[in-house]
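Asker: Below you will find the structure I want to go over with you.
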Amino acid sequence: MDDVKGGLSAIAKLAPIAVSFVLVSACEPEDDTQQTARVTERVQGTQDLDRAFAEPPGEGIAIVNGSQAASIQIEMPEDMDQFSQALREELERRANSGTEAFIAAAESDQQMAAEKGFEYSPHSLDVKWMQTGPQEGRLRGLLGTYATYTGGAHSNVGFDVLNWDIEADEQVAFEDIFEDAAAARANIAMVLKRKLLVAKRERLEDRTSSDADILQTWVDPAFDGNISVFDHFSISRSTEAGKAGGLIYHFAPYEVGAYAEGIYVIGVDQEEFRSDLKATYADAFGGEAILP
């Protein structure tokens, strides 16, 4: 989502789990009438995403333009009102980022379809932010899931992560947590590759390919020369109250496998990187990681 900037003023301020559905006639600017709409009235093509992101269906914020060029649904954490103002603002900024440009692109595609005489498939953007980290202690972890459908054979899924130091009231990144970031990356890379290898064998039921073949085909290319992959973690809950149990890495389709393989979620227990932690955060980790 980083390559798409912008926000949507209609949802600039989000209420936690607000149920607010607005019709926006984006392709007919002369009609600015707004009215409520049920999720069941949303455009076809978002139904699978409704099931994936609405718990129960309808919770969140949806924006559907009257000509059905695009739909947007955003769901935020239920306890967002308990976050600090800085954390709320950063989470809202990320949730809103790209919505304006997404609608503009959908309108452009719809207009092109009309001009060329072919069927237009309404676009959809479904965003869900959830907590993955402890609700007590120093660190918090949040995961944003972005599912988009733009008329192709299937939807696409991507992730954003936000990790927060409650005491400092600021975002924490990989380099903030580890004393020697390079050494920590090398250590965590070995753990991730080992666990991805096991996960891929189980999912694909592959008992014939060698480890080298599996790693060289998909896994190694995701890591080679790409240190940003290590930033894509969220702090995990722990079996020990008030502690962070480790890091959770979220790999979208195509990152470490074919689309049909789906999403890979790999946990790295804090014991596997404890020796690399900065003293500042050593006491924030403990126990074993709990995956969402």
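The values are calculated or read from the model by the stated rules, or taken from the named source; none is laboratory data. Fair warning: this is a prediction, and the values are worked out from it, not measured in the lab. Neighbour counts run over all protein chains shown; Cβ positions are idealised from the backbone, glycine included.
Asker: Going by the structure shown, is Asp160 charged (D, E, K, R), part of a strand (DSSP E or B) and under 27 Å from Leu91 (Cα atoms)?
Answerer: yes
Asker: When you scan the stretch 110-162, how many residues do you find that are of a type outside the set (Val, Ile, Thr) and closer than 30 Å to Tyr281 by Cα? Before the answer, list the steps.
Answerer: Our first condition is that a residue be of a type outside the set (Val, Ile, Thr); within the stretch 110-162, this holds for 110-126, 128-131, 133-144, 146-147, 149, 151-156, 158-160, 162.
Now narrow it down to the ones that are closer than 30 Å to Tyr281 by Cα: 128-131, 133-144, 146, 158-160, 162.
Residues meeting the conditions: 21.
Asker: Output the residues belonging to the stretch 168-181 that are in a helix (DSSP H, G or I) and hydrophobic (A, V, I, L, M, F, W, C). Break it down into steps so the answer makes sense when it comes.
Answerer: Looking only at the stretch 168-181, we keep the residues that are in a helix (DSSP H, G or I), and these are 174-177, 181.
Matches in the stretch 168-181: Phe174, Ile177, Ala181.
Asker: Could you give every pair whose Cβ atoms fall below 9 Å, whose first residue belongs to the stretch 70-92 and is outside the structural domain of Phe102 (by TED's automatic domain parsing), and whose second residue is crowded, with 17+ Cβ neighbours inside 10 Å, counting only separations of at least 6 or pairs across chains?
Answerer: Close Cβ pairs satisfying both conditions: none exist.
Asker: Exactly one condition in (1) outside any loop (DSSP other than H, G, I, E, B); (2) at pLDDT below 95; (3) among the hydrophobic types (A, V, I, L, M, F, W, C) is false for Ala153; which is it?
Answerer: (1)
Asker: For residues in the stretch 115-170 being within 19 Å of Arg237 (Cα to Cα) and basic (Lys, Arg), which is surrounded by the most Cβ atoms within 10 Å (Cβ to Cβ)?
Answerer: Restricting to residues being within 19 Å of Arg237 (Cα to Cα) and basic (Lys, Arg), the top hit is Arg140.
Asker: Same structure again: Check off (1) surrounded by fewer than 17 Cβ atoms within 10 Å (Cβ to Cβ); (2) at pLDDT 95 or above; (3) assigned to a helix (DSSP H, G or I) for Ala184 and give me the number that stays unchecked.
Answerer: The single condition Ala184 does not satisfy is (1).
Asker: Arg203 - would you say it is within 30 Å of His154 (Cα to Cα), at pLDDT 95 or above and out of contact with any strand residue (DSSP E or B) (no Cβ under 7 Å at 6 or more places or on another chain)? Write out each step before concluding.
Answerer: Details: within 30 Å of His154 (Cα to Cα): yes; at pLDDT 95 or above: no; out of contact with any strand residue (DSSP E or B) (no Cβ under 7 Å at 6 or more places or on another chain): yes.
The answer is no for Arg203.
Asker: Now for a different question. Among (1) in the same structural domain as Glu78 (by TED's automatic domain parsing); (2) over 30 Å from Asp79 (Cα atoms); (3) in contact (Cβ under 8 Å) with a residue 40 or more places away in the chain, where does Thr150 come up short?
Answerer: The one condition Thr150 does not meet is (1).
Asker: Still on this model: Does the stretch 204-212 contain any residue that is assigned to a strand (DSSP E or B), out of contact with any helix residue (DSSP H, G or I) (no Cβ under 6 Å at 6 or more places or on another chain) and over 26 Å from Arg138 (Cβ atoms)?
Answerer: Our first condition is that a residue be assigned to a strand (DSSP E or B); within the stretch 204-212, this holds for none.
Taking every residue of the stretch 204-212 in turn, none turns out to be assigned to a strand (DSSP E or B), out of contact with any helix residue (DSSP H, G or I) (no Cβ under 6 Å at 6 or more places or on another chain) and over 26 Å from Arg138 (Cβ atoms).
Asker: Further, regarding this structure: So Lys195 passes all but one of these: (1) under 16 Å from Val268 (Cα atoms); (2) surrounded by 18 or more Cβ atoms within 10 Å (Cβ to Cβ). Which condition number does it fail?
Answerer: So Lys195 meets the others, but not (2).
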